[in-house]
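Have a look at the structure below before the remarks.
The values are calculated or read from the model by the stated rules, or taken from the named source; none is laboratory data. Quick caveat, the model's predicted, so the values are computed rather than measured. Here the Cβ positions follow ideal geometry from the backbone for every residue, glycine too, while neighbour counts run over all protein chains shown. The accessibility values were calculated without ligands, DNA or RNA, using every heavy atom of the protein model including side chains. Shrake-Rupley method; radii C 1.70, N 1.55, O 1.52, S 1.80 Å.
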Amino acid sequence: MTTDTRALEPGLEGRSAGWRIVARKEFSDHISSARFIVLLLVLGAAAIVPLYFASDAIRSVASQVTDTRNAFLALFLFSPSSVPIPNVFNFVGIVAPLLGVAFAFDAINSERTDGTLPRLLSQPIYRDDVVNGKFTAGLAAITVVLLAVVGVISGFGIVRLGIIPSPDEVVRLLAWVVLTILWVSLWLAFGLLLSVVIRRAATAALVGFGVWLLVAIFGQLIISLIAGVLAPVASAATAEEFVSLSALSATIARLLPLTLYQEASAVLLNPSVTTVSTPTTVGQWQQWQQQAQGQLLSFDQSALLVWPHLVSLVALTAACFAAAYIMFMRQEVRA
Amino acid sequence: MTDIAPARPSRRRRSTPAAASPASTSPIRTRALTKRYGDFVAVDVLDLEVRTGEIFGLLGQNGAGKTTTILMLLGLTEPSGGTARVVGLDPARRPLEVKRRVGYLPDAVGFYGNLTGRENLRYTAELNGLAADETEERIGHVLEQVGLAGRADTATDTYSRGMLQRLGIADALLKDPDVLILDEPTTSIDPIGVVEILDLLRSLVRDRGMTILLSSHLLGQVQSVCDRVGIFAAGRLIGLGTVPELAAQFGGAAAHLEVAIAGDAEVADDPATRALLASFDGVAAVDWNAASSSWHVAVSPADASGRVREALLRAVLERGLRLTSLRVLEASLDDIYRTAVAGMAVAGTTTEVGQ
Ligand SMILES: Nc1ncnc2c1ncn2[C@@H]1O[C@H](COP(=O)(O)OP(=O)(O)OP(=O)(O)O)[C@@H](O)[C@H]1O
Ligand SMILES: [Mg+2]
């Protein structure tokens, strides 16, 4: 039941920057909140610990091959062989949704329970300024956390291991950060949707984290079960059948946004990846390097490869945000 | 009930800019305003007009539709039918302009608990686009007005309900609105605080020419501060006007006098005095009120009250009685309200509001 339609009030369009004021307030709330500090510490620790264990292996690679290309990106790709910890990009893929949900699950419903929503909406701003501002603030907070984590890892690589990134690596890393922000914003939009639909913040948080657990732990299991039934690659009799079933299986896997993110991450961070799977140990890495001698992908080739993934993630995020937006605009001000 | 009868001019003096605007631009006017939630009609074909520089009180039982009406006036809920004009604009189509000029205190007002009172007001100031250099001064001023200056720099988490309500009034005043809409502004405020707040509202009307619409269940306060009152029942306006007008409409068209004659206190309920009082033309009922040792005389029709008083004074002189008190009892909004709501319950929706 939207009454705040911009089109009806053209004279005021230029003046209204309500979303920016809302975003500024929400952002300063975020960065001074306990959850921001906790998430920063957890993610920071999670980035440093595997790096610490992997650093010996990385250093040995770096000293063996003097001109190992993309040694810097290896910081993000390696997982330590000594301890069972996922590498940085896998880890971020799993933990980032938590970040998104954490910054949005109480965005609207807390305004309702605190009785601030009618007061906020009776100020001269459009109703969508509230959702837009809150989404922007969440995005900004997430960007700060991710840049801090990437900064810590890069700093560690440069200072402790003496690995200086090449311009190409910097571009790839930034592209990966953008991809990750996109991935988190999907969950931010999902959290926002929950905060609009579910009136109690605690319930919204539970649902959000429940879905996250489902995706992170059982998602791949469920998807591979479905793929196993629909596309039984092992039962392929001919080579053509094998190829088509594999393609189908990969498509089914991409129904899970996590797959989209992980595939795209692998391609962006690793120039030698031209397909889905990624090297995760030093041995594999060297093997890949040798295999791929002289045929590393340039950045734009990699970008082209992940373009559909990016578009899909943007579309999913937009769908979630649009749902939250429309439902908020139609809701009664009173709870 | 399409139009409001030409009632007496407001008791309050009006400031020049307010008085300058013609009557056709009433700050609040609704025409057949209706709100339905599914089959339920929360506000039923409401015609309401609040004039410049008056304090208008909305009364009505829980669920009568007061808050719903207010939300429609602010463009926070879309009407199902009819139109509203606030400061001359349609709040459903021009919400920003309306909200820029209308201050609103919601019924269960809340603030961001992690921020102090002053910080909360600063956010409101920003949202209203107040110039940065005048913001602090303005915030200090409104905090002073609601008597919260001393606690402005503690987090609103720690505020009592009444303090939150005071801060809510400050918040509504911050933008220096032309129209102030207050949904139950004094429910949790202490008695002395209420007097201060009501004084503040009066001075805003007097000095600033503000127009105020408030809803309340506290009839005494409404009677003391409101120029006109509208009584809601089941989404309809069943009574509208000044308290005397409403008394004429619902008070059984009777006026009430309190008469005390020296000597009566010893001879409680003296039959001779009773007979005397009852003999005047127009007296409908005479009751002895033991608590105040006085007679309660009901006069019907109400305009016979003057004749009755005259006759009484003449009789007192003739008989040499010692009259110690003769007082016209003001109709109490409490009684009016009771009668109006009870009448509504009996008559159902067929009640027509006559003016
Ligand atoms: N979102 C909604 N959906 C359905 N019915 C609603 C909704 N909001 C309000 N109502 C109904 O509309 C009616 C009018 O409510 P409103 O809040 O306007 O009453 P009120 O006069 O302000 O009462 P109170 O004195 O208790 O504040 C009530 O019966 C309420 O149940
Ligand atoms: Mg109400």
*Round to the nearest 0.05 the FRET efficiency obtained for B:N62 and A:R199 when R0 = 22 Å and r is the Cβ-Cβ distance.*
0.55
*Roll a 1.4 angstrom probe over the protein heavy atoms and tell me the percent of accessible area of the range A:97-161 that is carbon or sulfur.*
68
_Set of lysines near B:K66 by C-alpha distance (under 30 Å), chain-local residues within fewer than 8 positions excluded_ = B:K35, B:K99, B:K175
_Checking an interface number: how much accessible area is buried between A and B, summed over both chains, with a 1.4 Å probe, in Å² rounded to 100?_
3100
*Give the calculated FRET efficiency between A:F53 and A:L248 to the nearest 0.05, with a Förster radius of 35 Å applied to their Cβ-Cβ distance.*
0.40
*Inter-label distance, nm, simple model (7 Å from Cα along the C-beta direction), B:A275/B:R322*: 2.4
*Take the solvent-accessible surface of the protein heavy atoms, probe 1.4 Å, and return the percent of it on the range B:17-248 that carbon and sulfur atoms account for.*
51
*When only alpha-carbon atoms count, how far does the range B:252-328 stretch along each of its three principal axes, as whole angstroms with the largest first?*
33, 27, 19
_Residues along the range B:111-130 losing 10 Å² or more of accessible surface when the other protein chains are present rather than the chain by itself (probe 1.4 Å)_ = B:F111, B:Y112, B:N114, B:L115, B:Y123, B:T124, B:E126, B:L127, B:N128, B:G129
_At least 50 Å² accessible surface lost relative to isolated chain, residues of the range A:113-144 (1.4 Å probe)_ = A:R119, A:S122, A:Q123, A:P124
*Along the three principal axes, how long is the range B:17-248 when you take its alpha carbons, biggest first, rounded to the nearest angstrom?*
46, 41, 37
_So, for chain B, what is the accessible surface per residue at a probe of 1.4 Å, expressed in square angstrom?_
43
*asked:* Test of understanding: extend the Cα→C-beta vector of A:M327 to 7 Å, then name every residue of the range A:172-200 with backbone N under 19 Å from that spot.
replied: A:185-200
*asked:* Considering only protein heavy atoms and a probe of 1.4 Å, how much of the accessible area of the range B:252-328 is carbon and sulfur, as a whole percent?
replied: 53
